[in-house]
Amino acid sequence: MITTSDKYDSFPLRKGAPQRRRKGTLGGYTGTDNIWRRNRRTLMFLFAIFAVLYGFAFTLFSTFFLLQLAIPLVVLALFVIWLLPDSGRAPTKLLYQLMLAFIIALLCWPDYIALAFPGLPWMTMVRLTGIPMAFILLISLSASSRVRHDLMESLNGIPILWKLMLIFTAIATISVVFSNDKTLSISKLTIALLYWVSIFFASAYVFRSPGRVIRLSYLLWGIAVLVCLNGIWEARIQALPWAGHLPSFLQVEDEAVQRIMTPHARAVSGIYRVQSKFTTPLGMAEFLALSMPFILHLMMTARNTALRLVTALTIPLVLYAIVLTDSRLGVVGFLMAFMIYLLYWSARRWRERKDSIVAPATVLGYPLIFALFIMATFVVGRLRIMVWGGGAAQFSTNARQEQLDMGLPMIMSHPWGYGIGMGAGTLGYVSPGGVVTIDTYFLAVALEYGVVGFMVYYAMFVAAIYHGGKALLTTQDREILYLAPLVISAINFVIIKSIFSQQENHPLIFIVLGAITALTMRANLNSENKSPPTSALA
């Protein structure tokens with residue numbers, strides 16, 4: 001006996017009659033009037049020819065065109081992920097674990113210590129953790145409507161931020177068209193998509209769950225201590241501790257790596273500058289400045305004396321390590337973390353303790369306090385040199401001014417930008433060491449993404465700082481108060497980028513932006529008396 005189901009599966013219906021799709025087939029593929037189905041033999045033949053030619057091309061030219069030849073594989077992988085059924089289950093716990101692994105790899109392992117096989121990109125720890133994290137994020141979004149809902153709920157904590165992120169992504173992608181070196185720009189775009197954009201969305205999802213931002217703060221504190229101790233060791237031996245001790249399979253024969261491994265000293269003073277695991281002393285100083293707000297917040301909110309004492313002892317350690325980098329931007333970031341946190345703490349204290357005298361006096365007198373602080377940086381000799389620099393640092397100041405004079409006419413003549421990754425090459429400024437460089441990230445962003453791209457990029461930070469700060473002053477939740485170090489870190493980043501263009505710590509700040517978004521969403525839910533969210537299957 002043939003059932004109705006068997007009949008439809010066994011015999012074709014007349015033309016024009018409705019057909020029942022078999023289980024497991026793609027929608028829109030069944031039916032004799034479907035162009036893909038009618039020509040499936042031709043398409044399979046063409047696909048086989050393409051596969052053979054692609055295989056030959058990969059074998060012969062992968063050493064020279066690996067990035068271009070990998071595009072079909074990436075597209076195929078994304079297509080497979082898109083076709084995943086909505087099972088309601090997603091590896092969100094693995095996503096969180098990969099996020100922590102990525103942070104540790106980013107901040108603890110030198111990116112130039114990697115496996116380097118002929119014809120292949122360096123296999124760095126950042127890539128080994130960041131790429132799987134991006135794919136797990138995509139798999140989670142494809143396989144679970146709950147994850148998609150939760151992520152969108154987090155993103156709507158600051159709706160303008162994720163929209164600006166997408167607009168910036170579109171501008172960065174379009175900028176490749178204007179690049180004179182499209183291979184380099186495509187490579188830089190890939191890095192931005194993996195370590196900026198996807199990291200932001202992953203962070204917005206991961207840190208929506210209670211307890212995770214607190215763990216992030218403790219992790220950054222621990223890494224900061226490790227970086228400082230390593231810097232002190234480096235200062236004692238006047239060289240990177242691992243220089244000359246790497247096994248052969250981790251040694252990368254590259255001019256840039258050799259330059260990084262070479263001891264750094266300021267040209268005029270000859271003072272050795274520590275860099276720890278970072279590629280430059282400035283990169284180390286920037287990280288310590290970005291981590292300082294988290295250390296301050298842990299100290300001020302610690303519930304036991306021992307923890308408060310230990311975090312307090314970390315502060316002079318961080319300052320000493322920044323001094324060892326001989327970096328003005330590190331000192332500025334360190335001091336700004338204190339000044340901004342003082343304002344936050346005073347405003348918070350005034351709201352909670354109406355009988356407090358110190359808190360309202362600090363808030364009302366803050367303009368004077370800040371003015372005196374700025375005056376001290378000019379008057380106090382040691383502080384003046386640390387913040388504004390002396391004769392030894394004057395060359396850097398002059399170089400930035402010269403680059404600005406060179407770059408502004410280029411921006412005016414080409415307001416749509418020169419392409420992602422093309423800032424330094426377009427400017428054409430060569431350092432005394434013979435390296436093409438650009439010092440100010442404000443200038444780099446304008447040159448690469450154009451005037452509109454510059455405004456969109458920094459509007460993301462303005463939106464995060466404004467909405468995060470607004471939520472911070474209205475919440476009573478202990479964990480949401482961690483918006484304070486997150487927002488201060490974002491402010492510090494914007495200040496530092498006025499004099500430093502390196503992108504080594506960019507993934508960290510995009511994690512910060514995602515965490516600000518997630519905590520702002522939780523603050524909004526708390527204000528509406530809703531229960532705190534949890535991630536799907538977290």
| task | Arrange the peptides 307-313, 420-426, 491-497 so that the one whose residues have, on average, the most other Cβ atoms within 10 Å appears first. | result | 420-426, 491-497, 307-313
| remark: In whole angstrom, the spacing between the Cα centers of the stretch 271-301 and the stretch 323-358 equals 16
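Which percent of the accessible heavy-atom area of the stretch 323-377 goes to carbon and sulfur, probe 1.4 angstrom? Before the final figure, lay out the partial values.
Values: 2080 of 2800 Å².
Carbon and sulfur: 74 percent of the exposed surface of the stretch 323-377.
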| task | Mind checking which of ALA243, ILE232, TYR205 is farthest towards the positive end of the stretch 186-276's charge dipole, using Cβ charges of +1 (Lys, Arg) and -1 (Asp, Glu) about the Cα centre? | result | TYR205
| Going down the list LYS182/LYS277; LYS188/LYS277; LYS163/LYS470, which pairs span over 25 Å between their C-alpha atoms? | LYS182/LYS277
| task | State whether the stretch 138-237 is rounded, prolate or oblate according to the following rule on the C-alpha gyration tensor (a ≥ b ≥ c being the square roots of its eigenvalues): a/c under 1.5 gives rounded; otherwise a/b larger than b/c gives prolate, and the remaining case gives oblate. | result | oblate
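Which order do the peptides 506-516, 440-450, 244-254 take when ranked by the mean count of other beta-carbon atoms within 10 Å per residue, highest first?
Details: 506-516: 25.5, 440-450: 23.0, 244-254: 10.4.
With the highest mean Cβ count within 10 Å placed first, the list reads 506-516, 440-450, 244-254.
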| Overall form of the stretch 275-359 per C-alpha gyration tensor (a/c, 1.5; a/b vs b/c) | prolate
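Rank HIS467, HIS149 by accessible area, highest first, at a 1.4 Å probe radius? Display every interim value, and only then the final one.
Numbers: HIS467 60, HIS149 110 Å².
The ranking, largest first, comes out as HIS149, HIS467.
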| How would ARG127, ARG328 rank on accessible area, largest to smallest, probe 1.4 Å? | ARG127, ARG328
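The values are calculated or read from the model by the stated rules, or taken from the named source; none is laboratory data. For clarity, every value in this text was computed on a predicted model and none was experimentally measured. So basically every Cβ, Gly included, is an ideal-geometry build from the backbone, and we count neighbours across all protein chains shown. Please note that ligands, DNA and RNA were not included when accessible areas were found on the heavy atoms of the full protein model with its side chains. Shrake-Rupley method; radii C 1.70, N 1.55, O 1.52, S 1.80 Å.
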